[in-house]
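Below: one structure, written as structure tokens.
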Amino acid sequence: MVRAKIIGATGYGGIGIVELLHGHPDVEIGTLVAIENTGMALSTLYPHLAGHVDTVVVGPDDPQAALPADVVFMATPDGVGMKLAAAELEKGAKVVDYSGDFRFNDAAAYAEYARRIGINTVHAAPELLPQAVYGIPELHRDEIDSSTRIVGNPGCFAVSCIIGLAPAVKAGLITSDSIICDCKTGVSGAGRKVNAAFHYPARYEMMNAYKLAGHQHVCEIERELSLQAGKDIVVTFTAQVVPVCRGIMSTLYGTLAHDATEQDVLALYRDFYEGERFVQLFESTAPIGTMHVRGSNGVKLVISVDQRTRRLRIVSYIDNLVKGQAGSALQNMNLLFGLDEWAGLDRPGTYP
């Protein structure tokens, strides 16, 4: 039985992994750590867990927070995991970090990420970066196994865009300077926090673009697509918040490098994602939307070719809190411990 510790247990990312681990046949939830709501049973804060997960949340200075675990999920913002990972690794744990701290496996790449998103942070544990693996199993499964110590869990927009574009980029189907990522997310993507901008009257019937000067997930998208293409890829990326609770819809565009039909592209994508249980492909007429991935670890890709403008259009749907966060974390954990990759994630989601 794998014993799990969750740091940042009371935020959306923390509660998401708790919900998934509770249904996992090979995992025991151990210590729950947070800086807020300490001394409170998690089920008091989240009553839907009453009778299921009644574990008391402890603060980072509580002796229980230092108890060893087999896997530690760092559901924490940038700058936290890099300070805590070494101690957990020394106790024998594997670490899955939700932030950007371990998404880049050398200090120079991390420094560029920090510069581009405007955080003045020198990595606190650069010696650990070469040990980290970027956690999109669909692209890096062979690198995520029992010998891996740290996984940098991907960003939600990054998952949606990278999985949506990787086959086309790898095959040279679209020109490398034409890629546009037009991405919309639910309000839960902002996390569990008190902020006037997310007060119901301010959010209801409100849509807006944000971080136009540089979104943190762009670095991941460009890095991973460049690896697929074998050359530098730069994308135009626009993040937008829409008045729904959860879900991401990314409409991804690229100019065709050569003639291709919708069926040609579907065949290419089917070959690329053959055997991938979490990725599903659909023709352009399929009535797919965010509701069809809610609560699931799935990625639904709608394939469209606009022959009039010679553009490929991929519409990528994920649940930002599952495949975009806790679901990917659990999928990575399964690989780290040689478990069934589907374990704890074998569910279709919820509807409506």
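Assorted remarks:
- Given charges at beta-carbon only (K, R positive; D, E negative), |dipole| of segment 170-233 in Debye: 300 debye
- When each of V33, V58, V299 is scored by the number of other beta-carbon atoms lying within 10 Å, the sequence from fewest to most is V58, V299, V33.
- Using a cutoff of 8 angstrom between alpha carbon atoms and counting only pairs six or more residues apart, the relative contact order for the chain works out to 17 percent.
- Residues whose amide H comes within less than 5 Å of that of R103, counting only those at least five positions distant or on another chain, are absent (H built at 1.01 Å from N in the peptide plane).
- The percentage of C-alpha pairs in the chain whose separation is greater than 37 Å is 15%.
- Taking the C-alpha atoms only, the angle from helix 81-90 to the longest principal axis of the chain is near 60 degrees.
- Proxy reagent accessibility, fewest Cβ within 10 Å first, across I174, I233: I233, I174
- Test item: Cα-centred dipole of the chain, Lys/Arg +1 and Asp/Glu -1 on Cβ, debye: 880 debye
- In order through segment 121-131: 3J(HN,Hα) via Karplus (6.51 cos²θ - 1.76 cosθ + 1.60), integer Hz, x for Gly, Pro: 10, 8, 4, 6, 9, x, 5, 8, 4, x, 8
- From the C-alpha gyration tensor of segment 270-346, square roots of 5λ in Å: 27, 14, 10
- When the listed pairs K231/K300; K170/K231; K83/K211 are checked against a 18 Å cut-off, the alpha-carbon distance exceeds it for K231/K300; K83/K211.
- Using a Förster distance of 22 Å, the FRET efficiency for T255-V234 (Cβ separation, nearest 0.05): 0.95
- Two-decimal log10 I(q)/I(0) for segment 157-320, as the Debye equation yields it once each C-alpha is a single scatterer, q = 0.09, 0.12 Å⁻¹: -0.30, -0.53
- Among the trypsin sites (Lys or Arg not before Pro) found in segment 151-235, those both in a DSSP coil and sparsely packed, with 12 or fewer other Cβ atoms within 10 Å of their Cβ, are K193, K231.
- The alpha carbon centroids of segment 1-22 and segment 272-318 are separated by 29 Å.
- Dividing the Cα radius of gyration of segment 1-78 by its Kirkwood radius returns 0.92 for Rg/Rh.
- Fewest-first ordering of M1, M74, M82 by other beta carbons within 10 Å of each residue's beta carbon gives M1, M82, M74.
Read-outs: derived from the displayed coordinates by stated rules, not from any lab. Predicted model only: the values in this text are computed from it and were never measured. As a convention, Cβ positions derive from the backbone with ideal geometry for all residues, glycine included, and neighbour counts pool all protein chains shown.
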